[in-house]
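Shown next, in structure tokens, is the structure this report addresses.
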Amino acid sequence: MLLREGKALRVAFGETLAELGNTDRRVVVVDGDLGSSTGADIFEAAHPDRFLQMGIAEQNMLGVAAGLATIGFVPFVSTFACFAVARALDQIRVLIAQPKLNVKIAGGYAGLLAGKTGKTHLMFDDVSIMRALANMTVIAPADEIETRRAIEVITATDGPVYLRITREPSPKLFDDDYVFHLGVASRLRDGRDVTLISTGVQTTRVYESADLLAKEGIDALVLHVPTIKPIDEAAIVEAARETGFVITVEEHTILGGLGGAVAEILGDQYPVPVKRLGIRDMFGESGPDDALLEKHRLSPARIAEDVRLLLARRVR
Amino acid sequence: MMAVELSTAKLEDLARTARREIINAVVVAKAGHLGGPLSAIDILVALYFRVLNIRPLDPTWPDRDRFILSKGHSSIALYTTLALRGFFPLEELSTFDAMGSRLQGHPDMNLLPGLDMSTGSLGLGFSAGVGVALGAKLAEKNFTTFVMVGDGECNEGIIWEGAHVAQRYALDNLVVIVDENNLQQFGWRGQTATDRLPPYSDKQLAHRWEAFGWQVSEVDGHDIDEVTHALTRARGASGSPVAVIAHTTKGKGVSFMEGNFRWHSRVPTVDEINQAMVELGAPPSLTGA
Ligand SMILES: Cc1ncc(C[n+]2csc(CCOP(=O)(O)OP(=O)(O)O)c2C)c(N)n1
């Protein structure tokens, strides 16, 4: 089944914050000179007085956000994922994660599909880095609806959060009445042959690959894990139990991200074979989004191919 | 080795050609930046054709002057200048930002000969430049290191960390060129949402570099002779590093791009391309008309 067209997460990000800002005056947006790319400009247009421009100075920006949180504001820091996570990691670690301050860090242009920016901007080790920090909640929404619901929930929940936001329009996976619960995975499809676990926008491509697999008689269980930390261990163990074979798929390095988290849990609690699909130990490069997805074998067709291959190898 | 002495009129013509090539490359790539490259291109032409001691056919010559484009998002301006200067064929500009190209969206020193540093995360190229200049002193090398930064880029704390260390070590072999075009990407809002304030008010940047112990000169960054003169003097400085504040216009050369923050990174439409090419003096056959 083809998914319906949806908005880019960055647009949902800006719109949701602009709406929340109407009723919740604690919400402020802290920008690193990228509002016109990240969707934060939508908030600026609605609430110019609560849009705080920090210029091109990410380290200071994260520090300022920590200070704002102590006054009772709910700062949403907005920049590209690479500059938030990589440039300002000490500030995030010492000023936000350690004191558990109520700062929401929105990493825009995360993953592979960042519009031909190349090595410096393509950020696909953000989840590994952020999930290694104690006290940090890590969320990668799949579509515009989940982005909206996740932002509403984290605004109402105290504590530091890293929110993965992407650039390109992506299909709708959920209906308007979807309810997001922090730390809860959602099973999108039952299946007997293999468990596919994914997160973020990549889940939409995994979901479509399950349809391709079904046509070949492969019945895949699909589990979407929007909260990578704290992760839904029970749902993962249960999904592994049902099929006995787990494949993780992420638009992210296979080192330490979702695949790493799943392997850790199953290794400890329910050892079954786990294969990780994703980007293999390399940096990004310029290129059209589709070509990059193909290269890293993250399109629905390539995922289906790899799943088929891994299953065949396993049977032998 | 200096290029054959080219007249100012010739270099101005070359800069116009470069502007057309920059726009073409962004159009072909369907991505990239225009405002910053167009504000920087006259300075780059002056640097590469009149100031830098380089050998295009021997790009790793150890005694060459170094140039680092710290505002790496303006890569297409540097690539165009390198191509015009003979580092690689002009046709290769059509591979800008394509998969597998040596001309990555942001400069990659491992791919393209002639790039002295990989950049793209603002502020970082400058501190690497401080290291290059410090290394040259330690190794008793005589070349000069030039680094170009944006005025928005000067928001980054690392610029001022580097400026401090460069002064402590009296790096008079280091020249920073500030492309002060008075816009960053989004910046601070003025009276309305489309009115964006300059990163710094008049003289603020010049005073800052001075306060950090740097020698400062200010030039019209679109006047190739003035730029040449200031950079040539800067390389002969002694005792402290030099900052050349170049007053420029973002999007320079194309009327509807000039001073408009929306042209920071945007791909022009067919009509816009045609108008730009006419304004940049393209021969009629190239304007698509
Ligand atoms: C560390 C970092 N933060 C943010 C960006 C995104 N970015 C690219 S260009 C730009 C604005 C640069 O402004 P300025 O230095 O004035 O350059 P110019 O106006 O000459 O293009 C921003 C914010 C970046 N490349 N690096």
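Viscosity 1.306 mPa s, temperature 10 °C: give me the Stokes-Einstein translational D for chain B in µm²/s, with Rh taken as the Kirkwood radius over C-alpha pairs. Can you show the working numbers first?
Details: Rh = 19.0 Å.
Rounded, D is 84 µm²/s.
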- Message: Give me the 1.4 Å probe accessible area per residue for the protein assembly as shown, excluding ligands and nucleic acids, in Å².
- Response: 38 Å²
- Query: Given the protein assembly as shown, what percent of its DSSP beta bridges are antiparallel, to the nearest 5?
  - Reply: 15 percent
- Simple label model, 7 Å out from Cα along Cβ direction - A:Asp219 to A:Glu238, nm: 1.8 nm
- Task: Quantify, in whole percent, the carbon and sulfur part of the accessible surface of the range A:9-164 (1.4 Å probe; protein heavy atoms only).
- Result: 54 percent
- Measuring from a point 7 Å past the Cα of B:Asp202 along Cα-to-C-beta, which residues in the range B:230-256 have an amide N at less than 19 Å? B:245-250
- Message: I need to check one value: relative contact order of chain B, counting alpha carbon pairs closer than 8 Å and at least 6 residues apart, in percent.
- Response: 21 percent
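Any idea what the relative contact order of the range A:186-315 is, in percent, if you count C-alpha pairs under 8 Å spaced at least 6 apart?
About 28 percent, as a whole number.
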- Message: Under 10 Å, Cα contacts only: if you run a Gaussian network model on chain B, which one of B:Tyr79, B:Tyr200, B:Tyr48 comes out with the highest mean-square fluctuation?
- Response: B:Tyr200
- Query: For the pairing of chain B with chain A, what total accessible surface becomes buried, with a 1.4 angstrom probe, in square angstrom to the nearest 100?
  - Reply: 2300 Å²
- Given charges of +1 on the Cβ of Lys and Arg and -1 on the Cβ of Asp and Glu, with all other atoms neutral, how large is the dipole of the protein assembly as shown about its Cα centre, in debye to the nearest 20? 960 debye
- Note on the structure: Residues of the range B:155-190 that bury at least 30 Å² of accessible area, probe 1.4 Å, when all protein chains are present rather than the chain alone, are B:Asn155, B:Glu156, B:Gln185, B:Phe186, B:Trp188, B:Arg189
- Note on the structure: One would report the antiparallel percent of DSSP beta bridges in the range A:186-315, rounded to the nearest 5, as 20 percent
- Any chance you could check the range A:279-293 for residues losing 40 Å² or more of accessible area when the partner protein chains are in, compared with the chain on its own (1.4 Å probe)? A:Ser286
- Message: Nearest 500 deg cm²/dmol is fine: what mean residue ellipticity at 222 nm does the protein assembly as shown get from its DSSP H runs of n ≥ 4 alone, each adding -39,500 (n - 2.57), divided by its residue count?
- Response: -11000 deg cm²/dmol
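Could you work out the relative contact order of chain A, using alpha carbon pairs under 8 angstrom and six or more residues apart, expressed as a whole percent?
Rounded, it is 18 percent for chain A.
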- Query: Counting only the backbone N, which residues of the range A:94-134 are under 15 Å from the spot 7 Å out from the Cα of B:Leu111 toward its beta-carbon?
  - Reply: A:114-123
- Say the dipole of the range B:139-183 comes from +1 at the beta carbon of Lys and Arg and -1 at that of Asp and Glu; which of B:Gly150, B:Trp160, B:Leu183 then lies farthest toward its positive end? B:Trp160
- With the dipole of chain A defined by +1 on each Lys or Arg Cβ and -1 on each Asp or Glu Cβ, the option from A:Phe283, A:Ile56, A:Leu122 whose Cα lies farthest towards the positive pole is A:Phe283
- Message: Compute, for the range A:186-315, the length of the dipole vector about the Cα centre, with Cβ point charges of +1 (Lys, Arg) and -1 (Asp, Glu) only. Units Debye, rounded to 20.
- Response: 300 debye
- Query: Among A:Lys104/A:Lys229; A:Lys116/A:Lys229; B:Lys71/B:Lys250; A:Lys119/B:Lys137, which pairs are too far apart, with a Cα-Cα distance over 23 Å?
  - Reply: A:Lys116/A:Lys229; A:Lys119/B:Lys137
- Message: Which residues, if any, in the range A:21-49 lose at least 50 square angstrom of accessible heavy-atom surface (probe 1.4 Å) when the other protein chains sit next to their chain rather than the chain being alone?
- Response: A:Asp33, A:Ser36, A:Glu44
- Top mean-square fluctuation among A:Asp289, A:Asp126, A:Asp268, Gaussian network model of chain A, C-alpha springs under 10 Å? A:Asp268
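Work out how much length A:Arg25 to A:Leu89 would gain on full extension: take 0.36 nm times their residue separation and subtract the Cα-Cα distance, in nm to one decimal.
20.3 nm is the gain from fully extending A:Arg25 to A:Leu89.
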- Query: How large, in percent, is the carbon and sulfur part of the accessible surface of the range A:186-315 at a probe radius of 1.4 Å?
  - Reply: 52 percent
- FRET efficiency estimate (nearest 0.05) - Cβ-Cβ, A:Glu152 to B:Asp225, R0 60 angstrom: 0.50
- Note on the structure: If the chain between A:Ile71 and A:Asp290 were fully extended at 0.36 nm per residue, the gain over the current Cα-Cα distance would be 74.4 nm
- State the antiparallel share, in %, of DSSP beta bridges confined to chain A, rounding to the nearest 5. 20 percent
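With +1 assigned to the C-beta of every Lys and Arg and -1 to the C-beta of every Asp and Glu, and no other charges, what is the dipole magnitude of the range B:8-287 about the Cα centre in debye, to the nearest 20?
Dipole about the Cα centre, nearest 20: 300 debye.
The values are calculated or read from the model by the stated rules, or taken from the named source; none is laboratory data. Computed from a predicted structure; not experimentally measured. FYI the Cβ positions are ideal-geometry reconstructions off the backbone, even for glycines, and counts take in every protein chain you see. The accessibility values were calculated without ligands, DNA or RNA, using every heavy atom of the protein model including side chains. Shrake-Rupley method; radii C 1.70, N 1.55, O 1.52, S 1.80 Å.
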